[in-house]
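Take a look at the structure below.
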Amino acid sequence: MIPSLLGISVVLFTLLAMAPGDPFDELATNPAVPPEVRAALRLKFGLDDPVWMRYWHWLIALMHGDWGFSFVSRVDVSTLIMQRLPVTLVVIGASQVLAIAVALPVGVLAATRPYSLFDQIANTFAFIGFSLPTFFTGLVLILIFSIQLDWLPFVYRADIAATGWAFYWEHFKQSVMPVTVLGLFQGAALVRFVRSSVLDVIRLDYVTTARSKGIGERKVITRHVVRTALIPVVTLIALQMPIVFSGAVVTEQIFRVPGIGSLLISSMLANDTPVVMGVTFVSACLVVIFNLIADILYGWLDPRIAFR
Amino acid sequence: MAETLLDIRDLKTWFKTDDGMVRAVDGVDLRIDRGETVGVVGESGCGKTVTARSVLKLIDMPPGRFENGQILWQGRDLIPLPAEEMDKIRAREIAIIFQEPMTSLNPVYTVGDQIGEVIRQHENLSKKQARDAAVEMLRLVNIPNPGKRVDDYPHQFSGGMRQRVMIAMAMSCKPKLLIADEPTTALDVTIQAQILELMQEMKERLGMSIMLITHAMGVVAETCQRVVVMYAGKVVEEASVEALFGNPRHPYTQGLIRSIPRVDRGAEQKQRLEAIPGTVPSLLQPPTGCRFAARCKYVMDVCTQAMPPLKEAAPGHFVRCVL
């Protein structure tokens, strides 16, 4: 885990160093800043050092808990990220929960009645679901629920004044659309996957054995089919995490959710390299952590994978 | 006369496929009395397994369906029985073991869990009691160190040991009938003998009946009292073991018996092992006459015109042949 994170950070840092533009572009075009001041600033921040030296400084600082300093907003990167991260985690977490909550029962039901009406309807919706990009469905939802019906706010606000239940209600209302868009998009692909995974298992010999035990079809499915069918599904969910994060960037942009996705875009546009570095690194950490969780889940779902 | 447990009458289990109706079981009559071991023999694809699975209604429907017939279990027809009623018969009255011990156990649960699951379903026991009962069953099927093995997963057992676990599972609710669907085919010869011996032992201990499905005539000769020979979805001959081996009447049965390798007629007599020429006819459009006609060396005109009925050639010896 540590080596993979180190590798990711090297790649990220090198890519950002090679990218055109640096945070002082704006100062350079500003005639009020004399060239000497600019040079002094560059020296102070070590911007003219070779890449490996800058990386080394960044890494040492990171280990001391110093994520760097935003050139644009003049705030510590860690402060910026900590302000935005909880919102993103809530939106992504809730959408994943929604995706799994929809995909599991629908996928299992569709697989136990293959080619039935239910299966065909589920398949049709799944195809529509993952064919439509989130930026499209997001805009359609805004059009219907915010503009036409005026039920839900279409700008996500972090500064809700209400307290108590009203506070949570407001938060719930503004999260509904981003979570739905992201969750159903993920869920659509997951339905297809759960269905095929269950279909693979349901034909196996031990399912016939389970039926011959007289435990009832319901227990056969829940105990003997779904449990084994979940193993590849866990893999898919873990592998999809990077896609979920990139999907979150787009969705946050549409609904103006002040999460790390929108922070990433604004800091990229402003050439705010330390923030870009920080945000991408945090996303990388989260993806690695989710894969670790998936590995632990394997061990629990499948006793053939032993822990040493 | 012994009490009849299972009485299958004119059973037809057909499967709908893209090419048409496959008549896997096409009018089978089969009776099993209390305490007897009945062998069901025939080559691959003759409908043995489908007959066995039909009894417990383990056929996927669709594509399969019962076209006709009755499966009378102690006088009660199982075919129209609702699923909940059927589940009370499964494992508790009729248990089944399969050909492939490697894939018949669920890899993600311990064998103790899987045996305990059956026991708990049919008897009102706590988890602890079910586990103890599972240990007892494992001890009964001669698995060494059962107290420890009960918490092992199937992949930690060998093929023969897994078949013992399957037998333990099948026996755990003391069924009246055990359907053994080629229980030894996937095992090597020494283990085969052990498993057959174990089944015999269990049978005597519990006084149950066994329906032994196999294509090995040797196994039948050793373990069964009565034999039913199936060919292309139909019963062609039924007799006691002695009558069948001593005086086989159907040309197919004769061929099957001649194809058993024998040590006493060995290489020095330069006798080649006989085989039955040809293959099983398609069950999509079975021939109108005797289904064996195309492979029979005694074939006559009458054979291809109409299906000969199953007639009693000698007391208790039935054969579907005009000869």
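The values are calculated or read from the model by the stated rules, or taken from the named source; none is laboratory data. In this text the structure is predicted, and so the values were computed from the model without any measurement. Every residue, glycine among them, receives a Cβ derived from its backbone with ideal geometry; neighbour counts consider all protein chains shown.
Taking the listed residues A:ILE221, A:ILE243, A:ILE254, the one that is farther than 26 Å from B:ILE94 by Cβ, assigned by TED's automatic domain parsing to the domain that holds A:GLY138 and buried (at least 17 other Cβ atoms within 10 Å of the Cβ) is A:ILE254, with no other qualifying. In summary, B:THR184 fulfils each of the numbered conditions (1) under 22 Å from B:LYS48 (Cα atoms); (2) more than 11 Å from chain A (Cβ to nearest Cβ); (3) in a loop (DSSP other than H, G, I, E, B); (4) without any contact (Cβ under 8 Å) to a residue 12 or more places away in the chain with the single exception of condition (4). Applying the set (1) aliphatic (A, V, I, L, M); (2) touching a Ser or Thr at 6+ places or on another chain (Cβ under 7 Å); (3) farther than 30 Å from B:ARG120 by Cα to A:ALA229 leaves exactly one unmet item: (3). Residues that are assigned to a loop (DSSP other than H, G, I, E, B), within 29 Å of B:SER282 (Cα to Cα) and without any contact (Cβ under 8 Å) to a residue 60 or more places away in the chain do not occur anywhere in the stretch B:65-75.
The residues of the stretch B:58-75 that are more than 9 Å from every other protein chain (Cβ to nearest Cβ) and either in contact with a helix residue (DSSP H, G or I) (Cβ under 9 Å, 6 or more places away or on another chain) or among the small types (Gly, Ala, Ser) (or both), listed by number, are B:ILE59, B:GLY64, B:PHE66, B:GLY69, B:ILE71, B:TRP73, B:GLY75. Being free of Cβ contacts under 8 Å to residues at least 60 places away in the same chain and away from chain B (no Cβ under 14 Å) is a property that holds for A:ILE121. Selection within the stretch B:227-250: residues that are touching a helix residue (DSSP H, G or I) at 6+ places or on another chain (Cβ under 7 Å) and over 20 Å from B:GLY45 (Cα atoms). The member of this set that is surrounded by the fewest Cβ atoms within 10 Å (Cβ to Cβ) is B:PHE245. Of all the residues in the stretch B:140-169, those that are among the β-branched types (Val, Ile, Thr), closer than 12 Å to B:THR110 by Cβ and part of a loop (DSSP other than H, G, I, E, B) number 1. Within the stretch A:156-177, residues that are assigned by TED's automatic domain parsing to the domain that holds A:VAL250 sit with their Cβ atoms under 7 Å from residues that are modelled with pLDDT of 80 or more and of a type in the set (Lys, Arg), at 6+ positions apart or across chains, in these pairs: A:TYR156/A:ARG256.
State which residue is nearest to B:VAL50 (Cα to Cα) when the search covers only the stretch B:147-181 and only residues that are among the small types (Gly, Ala, Ser) and within 14 Å of chain A (Cβ to nearest Cβ). Can you show your working first?
As a first pass, look at the stretch B:147-181 and keep what is among the small types (Gly, Ala, Ser): B:147, B:158-160, B:168, B:170, B:172, B:180.
Subsequent filtering for residues that are within 14 Å of chain A (Cβ to nearest Cβ) retains B:159, B:168, B:170, B:172, B:180.
Working: B:GLY159: 24, B:ALA168: 23, B:ALA170: 19, B:SER172: 24, B:ALA180: 13 Å.
The qualifying residue nearest to B:VAL50 (Cα to Cα) is B:ALA180.
Of the residues making up the stretch A:281-307, those that are among the aliphatic types (A, V, I, L, M), within 14 Å of another protein chain (Cβ to nearest Cβ) and surrounded by 14 or more Cβ atoms within 10 Å (Cβ to Cβ) are A:LEU297, A:LEU301. Being aliphatic (A, V, I, L, M) and surrounded by fewer than 14 Cβ atoms within 10 Å (Cβ to Cβ) is the filter; apply it to the stretch A:112-131 and report the residue that is nearest to A:GLU217 (Cα to Cα). Across the stretch A:112-131, the extreme among qualifying residues is A:LEU117. Of the listed requirements (1) free of Cβ contacts under 8 Å to residues at least 60 places away in the same chain; (2) touching a Leu at 6+ places or on another chain (Cβ under 6 Å), A:THR251 misses just one: (1). Scanning the stretch A:193-224 for residues that are over 29 Å from the mean Cα position of the chain (by Cα) and in contact (Cβ under 8 Å) with a residue 40 or more places away in the chain turns up A:ILE202, A:ILE221. Taking the condition polar (S, T, N, Q), touching a residue at least 60 places away in the same chain (Cβ under 8 Å) and within 14 Å of chain A (Cβ to nearest Cβ), does B:SER54 pass? The answer is no for B:SER54. Could you please let me know if B:LEU81 is within 13 Å of chain A (Cβ to nearest Cβ) and modelled with pLDDT under 85? So B:LEU81 fits the description; yes.
If only residues of the stretch B:76-112 that are closer than 17 Å to B:ASP7 by Cβ and in contact (Cβ under 8 Å) with a residue 60 or more places away in the chain are counted, the one that is surrounded by the fewest Cβ atoms within 10 Å (Cβ to Cβ) is B:GLU93. Within the stretch B:281-306, being touching a Cys at 6+ places or on another chain (Cβ under 6 Å) and in contact (Cβ under 8 Å) with a residue 24 or more places away in the chain holds for one residue alone: B:CYS290.
Number of residues in the stretch A:59-82 that are in contact with a Pro (Cβ under 8 Å, 6 or more places away or on another chain) and part of a helix (DSSP H, G or I): the value is 1.
If I filter the stretch B:138-146 for residues that are more than 21 Å from the chain's Cα centre (by Cα), within 9 Å of chain A (Cβ to nearest Cβ) and surrounded by 20 or more Cβ atoms within 10 Å (Cβ to Cβ), do I get at least one hit? No, because not a single residue in the stretch B:138-146 is more than 21 Å from the chain's Cα centre (by Cα), within 9 Å of chain A (Cβ to nearest Cβ) and surrounded by 20 or more Cβ atoms within 10 Å (Cβ to Cβ). Among what's in the stretch B:86-127 and is closer than 26 Å to B:GLY207 by Cβ and in contact with a Lys or Arg (Cβ under 6 Å, 6 or more places away or on another chain), pick the residue that is farthest from the other protein chains (Cβ to nearest Cβ). Filtering first and then ranking leaves B:GLY116. Anything in the stretch A:143-171 that is exposed (fewer than 12 other Cβ atoms within 10 Å of the Cβ) and of a type outside the set (S, T, N, Q)? List them, or say none. Passing the criteria: A:ILE147, A:LEU149, A:ASP150, A:TRP151, A:VAL155, A:ASP159, A:ALA161, A:ALA162, A:GLY164, A:TRP165, A:ALA166.
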